[in-house]
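Quick note: the coordinates plus some simple rules give every number you see, no bench work behind them. None of the values given here were measured: they were computed from a predicted structure. Methodologically, a virtual Cβ is constructed for each residue, glycine included, from the backbone with ideal geometry; neighbour enumeration extends over all protein chains shown.
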Amino acid sequence: MADPLLRLEGVTKHFGPTVALDGLSLEVQRGEFVALLGGSGSGKSTLLRLVAGFEAPDAGRILLEGRDLTGLPPHQRPVSMMFQSYALFPHLSVFDNVAYGLRREGLGRAEIGRRVAEALAMVRLQGMERRKPHQLSGGQRQRVALVRSLVKRPPLLLLDEPLGALDAGLRERTGFELRAVQRATRAAFVMVTHDQAEALALADRVAVLEAGRLAQYGPPQELYDRPATRFVAGFLGAANLLEGRVGPDGAVECPSAGCSLRLSEPPPRRPGEALTVALRPERIRLLDQGEALPPANAASGVLRDLAYRGEGWVALVALSGGQVLRVVLPGVASPPPPGSPVALAWAAEANIPLAD
Amino acid sequence: MRRLLLLAPPWLWLLLFVAAPVLILLAIGLAEPAEGVPPFLPPIGWEAGHPVWQGSGASLATLTEDDWYALAFLRSLRVAGMSAGLCLLLAYPMALGIARARPSRRLPLLLLVLLPFWTGFLPRVGAWIGLLRDGGWVNGVLMGLGLVQEPVPLLYSDAALLIGMVHAYLPFAVLPLTAALLRLDPALEEAAADLGASPFTVFRTVTFPLSLPGAAAGFLLVFIPAAGEFVIPSLLGPPEAQLVGRVLWDEFFQNRDWPLASALAVALLVALILPIRLFQRLEAKP
């Protein structure tokens, strides 16, 4: 692969006794859209602030296009950041907010006017030049913040929860817009989010952070279909985790679920060793009444609870071994009432062996 | 009804302690001076069962005709303006230092700013007399070092007056400025730096403009009491400098011309409402 645009090498950052980042290494390619996904305290925002230059790492290096940024103050770094609060200057008009970065470059009036107009046109904010930030709606403020940080044409834009402050209804549409702007400007985007759906929908690659370390880094489908660890499997799509032991025939016996699992490939452990298997709730099928229970990749239990989610039902099924499985049933089906005995089955491909 | 009950106490308070004194002051200002206690005739008298007007605008007219008062006014406003300006110049770096200090340090630093208030007002002003008079500490040090042969006349000068004013009123400028700087979202300064602004440019284009309402509040909090200040000019200032506070005192206690003193007080009040209105317009602008 070509030289990466951004490269983090063993970056470590402590805040007092707490470790925000723990020897993290990561690469971002030119024009790539990367989502940093993690819960609060995972270090994802610290990572952005280190790249922007607002914090200095305790150890490690940050390279942009092969150049070490580590000692540079924020105003000398060619990266831009879009803040979660947008941080629009309240005393400046929309025009002056967007022109702020260009003025610092000492461009001429005509050039600034042209570039600002172009930027505002990209996010359909023509005619808003004279408004002050407090006279804009939340969505408009978000777009001003976006183009303000892009108008200098940085090779890399850092976005801290760019959709976090928007209403749920506006989020999806704004997400598509963000994607379109990213493609049009061909800048690399590194977006911090705690929303897995947002990360999966927008990013070319998703980096899942756990306690300051990279848990997994890859394209969204890969992360979803082949989570590497319990944390990733649980964080993305809330997978069921089945604890088992590899049997002599290669099947995984799960006493807590009261079933035996057959993997689509040979298990990554030797017979007798423990193995955790992730199982996506939407891959589980409810067997019709009278249908025979298959010998493997199937379990019986009691339907404990049901929740309607519009596009489907979420069912909690207590298995005979004691474990409770989360099952997503399509919305068209009318599920049996809670308390009924149910039988579940799934394909061998649905079993995902985890590394830990 | 509940609303009325809730609003009644503050309105009553304002009526009793703000509106009523001003109205009484205005009434005395419109009265004719007279011998006796109190030394004026009420502007509205009672004659044959109905009220009659017996006041006059003579005192108000005197203020405009005799430029003694206009000069005292201008002098007071100039001294107040210079005091407020100097206070702001000194207060800005202090406020910036407090606002940028670690949160655990802020309160101790603010307490240090307020420390002078723990002594009485008069001893603090009096201390300057001890420092600045001919046989005082400052002259003692200057002569002891051989820098001057004769004591330098420091006391009873405009400089001594300004030193006293700035010393007395500095905390009033520091507090609102500190509050304004603390209210500033640090992300705004980070965003400016991120867009390529050097630390000085960040200050010039973001921090300073956004702290202006705090600076205006600090200016007014010094300017308003300084304009009517009586004690500091009397104790430290040049004797020939007649400021409004001094003129007011003299008219009231020396000349016992209550109507003229009241008219002067009302005029000062009106003159000070103007900068307050300007400040409100500045505040209203987000």
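What the table below lists for this structure:
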quantity	calculated
When the protein assembly as shown is reduced to its Cα atoms, the Kirkwood hydrodynamic radius in Å	31.9
Positive-end residue, chain B charge dipole about Cα centroid, Cβ charges, pick of B:L88, B:V113, B:P38	B:V113
Chain B, helix-only ellipticity at 222 nm - DSSP H runs n ≥ 4, -39,500 (n - 2.57), divided by all residues, nearest 500	-22000 deg cm²/dmol
Sequence ranges B:76-82, B:161-167, A:144-150, ranked by mean other-Cβ count within 10 angstrom, highest first	A:144-150, B:161-167, B:76-82
Separation of alpha-carbon centers, the stretch B:161-188 and the stretch B:66-104, rounded to whole Å	10
Translational diffusion of the stretch A:238-353, µm² s⁻¹ [Kirkwood Rh, Cα pairs; Stokes-Einstein; 20 °C; 1.002 mPa s]	149
Test item: A:67-74 mean partner chain Cβ contacts at 10 Å	2
Residues A:D167 and B:F17, FRET efficiency given R0 of 45 Å [Cβ-Cβ distance, rounded to 0.05]	0.40
Relative contact order [Cα under 8 Å, 6+ residues apart], chain B, whole percent	27
Exercise: per-residue mean of other protein chain Cβ atoms within 10 Å, B:196-204	4
Distance from the stretch B:255-286 to the stretch A:304-356 (C-alpha centre basis), Å	76
Compactness of the stretch B:154-286 - radius of gyration and Dmax, Cα, Å	19.9, 66
Descending semi-axes in Å of chain A, equivalent ellipsoid built from Cα gyration tensor	47, 25, 15
Given charges at Cβ of Lys, Arg, Asp, Glu: the stretch A:238-353 dipole, positive-most of A:A274, A:P294, A:L329	A:A274
The stretch A:168-269: radius of gyration and largest Cα-Cα distance (Dmax), Å	17.9, 56
Magnitude of the charge dipole, the protein assembly as shown, Cβ model with Lys/Arg +1 and Asp/Glu -1, debye to 20	1100
0 to 90° range, to nearest 10: angle between helix B:158-183 axis and chain B longest Cα axis	70
Antiparallel content of DSSP bridges confined to the protein assembly as shown, in %, to 5	75
Only Lys, Arg (+1) and Asp, Glu (-1) charged, at Cβ; the stretch A:1-128 dipole about Cα centre in debye	400
Top positive-direction residue, dipole computed over the protein assembly as shown with Cβ charges, set A:L120, B:V247, B:A99	A:L120
Descending semi-axes in Å of the stretch B:66-254, equivalent ellipsoid built from Cα gyration tensor	36, 22, 15
Modelled label reach - A:R114, point 7 Å along Cα→Cβ, the stretch A:146-164 residues with backbone N closer than 20 Å	A:148, A:150-154
The stretch A:6-230: relative contact order as a whole-number percent, Cα under 8 Å and 6+ apart	30
Cubic angstrom per residue, convex hull over Cα atoms of the stretch A:1-121	153
Structure-based [θ]222 nm, chain A - -39500 (n - 2.57) summed over DSSP H runs of at least 4, per residue, nearest 500	-7000 deg cm²/dmol
